[in-house]
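The values are calculated or read from the model by the stated rules, or taken from the named source; none is laboratory data. What you are looking at is a predicted structure, and each value in this text was computed from that prediction instead of being measured. Because the Cβ atoms are built from the backbone with ideal geometry, glycine has one as well, and the counts that use them run over all protein chains shown.
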Amino acid sequence: MGHHGAMTLSFEEATAFVTGPGQAFELTTIEVGGVTYTAFRHAPPTLRDLLAPARGRGDAPFLVYEDERWSFAEVAAAADGLAAALVSRYGVGPGDRVAIAMRNYPEWVVAFAAVVSMGAVSVSLNAWWTEDELDFALEDCGATVLIADPERVARTRTTAARLGFATIAVRDPAPHAGVDRWDDVLVPGAAAPTAAIDPDDDATILYTSGTTGRPKGAVSTHRSIVQALMGFGCRVAIDQARLPAAGGTDGTSIPPVFILVVPLFHVTGCVPVMLASYASGLKLVMMHRWEPERALELIERERVTTFVGVPTQSWDLLESPRFAEFDTSSLVSVGGGGAPAPPELVRRVDASFSGGRPQIGYGMTETNAYGPGNAGDDYVTHPTSAGRATPILQIDVRDPEGQPVAPGTAGEIWFKGPNLIRGYWRRPDATAETIVDGWLRSGDIGRIDADGFVYVEDRAKDMILRAGENVYSAEVEAAIYEHPDIYEAAVFGVPHPRLGEEVAAAVVLRSGATVTVDALRRHVADRLAAFKVPAHVTFTTEPLPRNAAGKILKRDLRDRLQNPE
């Protein structure tokens, strides 16, 4: 083999090498809550320990937000100053919940670092939520303090008066009465927090929409987030170990630079993008809002290497009429997750960027975004697969009785690993339904081939994936049913080339009633976030099709809408 150059390792060989004794990603066995997991031996015990090395990076750039630049030292000082204020001014202690409700500002990152480093729990609130949705989550988590931007401050005043939490306003020139300004409360030069934190202490709550009713708060411990982050790092190390040493280059490589194109209040933006950048000392380029041309400008200006978004956003870059005007040669990886990518997108990403290879990850809020991953040549040859996992994550495919099925057979995907949430906030029933003996039921239907590649076939839950946002049919149906003229309604997803899916509704009115499409959409918009409002509404006079058990046949409705008679 020698004269053919470097030998290439198989996935299994590379995994064994990277996770072997003495390596950074060496494996060990741990027990948490009576369940045994395979975990990374050298994982920092808490998020505070994980983020500590960044303090030594001083003036190195960390956050680039439009024309602002925040160094690692500035972010650390601001986080310490906020942590000091939370303790001294607001009496926040370990385990208390601090809610963050804002768009992607540098202060989101500072607030998160402050809260988790002092042993409190960071609660991420969806910035697109209505007043009612924010009200529910703030009461559910029992927040002591809310840190919010002007729009979210305005949307939570009634709730703040009712529940009595304090509010700190970010970037608000004229805050409401009784609201404190960020600049007024930060304690300059404060020392870093030192309260004891255990790896099994709660660190974050992220709300995830349930198939029925209100969203549930998914609770992660320090350990679970750190293990997930190490899982992503291990995956990169395995891929690097598989590549033979490149000959003929001068050995310089571009330092990784991430661009943030997804919300920080979702697990992808928070864990694999923001926290990975923070922990590894990488520059993170933040956008005010998603605009493909602005993204292309920033990719060129900041020499971005890593683009993690939803498939919609990769399409948007490629479809931009100005795509060719920008230098995207710094990109090494283009992809993300949140939804399966069409094989045509995988092919186009590979063909359109000079060095950027396609990448996808399959994770959930409940797995801290960590799951199987697919990238580069593997992805081009297996464009419909979510890829393979590292050894900390066990994946099973099981039948409805919870028994494992044969390789290649479809069933529900179950996950087990130290990266899973510990459960849902104050929802023991929901926790027991989803987490069984340390295994998480994903609610997705899929299969695993003989080489370990995972294929996600369908969603068992009645869910629509619109541009990476989960829309649960039941929640939208419930809002429609609040209209007095509605007799029957079914909500389902229809394919959309850019968004992946759009929300559609088939509606039967009470006899003699007349409702316009616009009126119904306004009715839903008053109750739910804009992304949940049906883009397509079909009124029908016939009863909706049902099976023998009385369940509405949504697939029939979807087919009928796409292929009208």
### Query
Which of (1) modelled with pLDDT under 95; (2) charged (D, E, K, R); (3) closer than 22 Å to GLU12 by Cβ is the odd one out, the single condition ASP396 does not satisfy?
(1)
### Task
Within segment 352-370, track down each residue that is at negative phi and either within 21 Å of the chain's Cα centre (by Cα) or part of a strand (DSSP E or B) (or both).
ARG357, PRO358, GLN359, ILE360, GLY361, TYR362, GLY363, MET364, THR365, GLU366, THR367, TYR370
### Summary
When restricted to VAL310, VAL285, the only residue touching a residue at least 60 places away in the same chain (Cβ under 8 Å) and touching a Gly at 6+ places or on another chain (Cβ under 6 Å) is VAL310
### Task
Say whether the condition of being in a helix (DSSP H, G or I), farther than 21 Å from LYS283 by Cβ and within 27 Å of the chain's Cα centre (by Cα) is met by at least one residue in segment 85-96.
yes
### Summary
How many residues of segment 28-69 are surrounded by fewer than 20 Cβ atoms within 10 Å (Cβ to Cβ) and in a strand (DSSP E or B)? The answer is 12
## Note on the structure
Matching residues in segment 192-224 (in contact with a strand residue (DSSP E or B) (Cβ under 6 Å, 6 or more places away or on another chain), surrounded by 24 or more Cβ atoms within 10 Å (Cβ to Cβ) and not in a strand (DSSP E or B)) number 1
## Note on the structure
Among (1) touching a residue at least 12 places away in the same chain (Cβ under 8 Å); (2) under 32 Å from the mean Cα position of the chain (by Cα), ARG522 falls short only on (1)
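Could you tell me whether segment 532-550 includes any residue that is touching a residue at least 24 places away in the same chain (Cβ under 8 Å), more than 30 Å from THR409 (Cα to Cα), hydroxyl-bearing (Ser, Thr, Tyr) and not in a loop (DSSP other than H, G, I, E, B)?
First pass over segment 532-550, keeping only residues touching a residue at least 24 places away in the same chain (Cβ under 8 Å): 532-544.
Checking the rest, the ones that are also more than 30 Å from THR409 (Cα to Cα) come to 532-544.
Add one more test, that the residue is hydroxyl-bearing (Ser, Thr, Tyr), and what stays is 538, 540-541.
Narrowing the set further to residues that are not in a loop (DSSP other than H, G, I, E, B) leaves 538.
There is at least one residue in segment 532-550 that is touching a residue at least 24 places away in the same chain (Cβ under 8 Å), more than 30 Å from THR409 (Cα to Cα), hydroxyl-bearing (Ser, Thr, Tyr) and not in a loop (DSSP other than H, G, I, E, B).
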### Query
Do you know which of the residues in segment 345-392 that are under 27 Å from PHE265 (Cβ atoms) and touching an Asp or Glu at 6+ places or on another chain (Cβ under 7 Å) is surrounded by the fewest Cβ atoms within 10 Å (Cβ to Cβ)?
ALA375
### Query
Is it true that some residue in segment 168-175 is buried (at least 19 other Cβ atoms within 10 Å of the Cβ), without any contact (Cβ under 8 Å) to a residue 40 or more places away in the chain and under 17 Å from PRO263 (Cβ atoms)?
no
### Query
Is at least one residue of segment 43-54 farther than 20 Å from ALA276 by Cβ and not aliphatic (A, V, I, L, M)?
no
### Task
Please work out which residue is nearest to ALA190 (Cα to Cα), limiting yourself to segment 47-70 and to residues that are in contact with a Gly (Cβ under 7 Å, 6 or more places away or on another chain) and small (Gly, Ala, Ser).
ALA54
### Message
Residue under question is THR15, and the condition is that it be in contact with a strand residue (DSSP E or B) (Cβ under 7 Å, 6 or more places away or on another chain), on the phi < 0 side of the Ramachandran plot and either surrounded by fewer than 13 Cβ atoms within 10 Å (Cβ to Cβ) or of a type in the set (S, T, N, Q) (or both); does it hold?
### Response
no
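Rundown of residues vs (1) modelled with pLDDT of 95 or more; (2) in contact with an Asp or Glu (Cβ under 6 Å, 6 or more places away or on another chain); (3) within 25 Å of LYS532 (Cβ to Cβ), yes/no style:
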position	(1), (2), (3)
TYR90	yes, no, no
GLY93	yes, no, no
VAL123	yes, no, yes
PRO150	yes, yes, yes
### Message
Of all residues being aromatic (Phe, Trp, Tyr) and surrounded by 24 or more Cβ atoms within 10 Å (Cβ to Cβ) in segment 100-116, which is nearest to PRO193 (Cα to Cα)? Just the residue, please.
### Response
PHE112
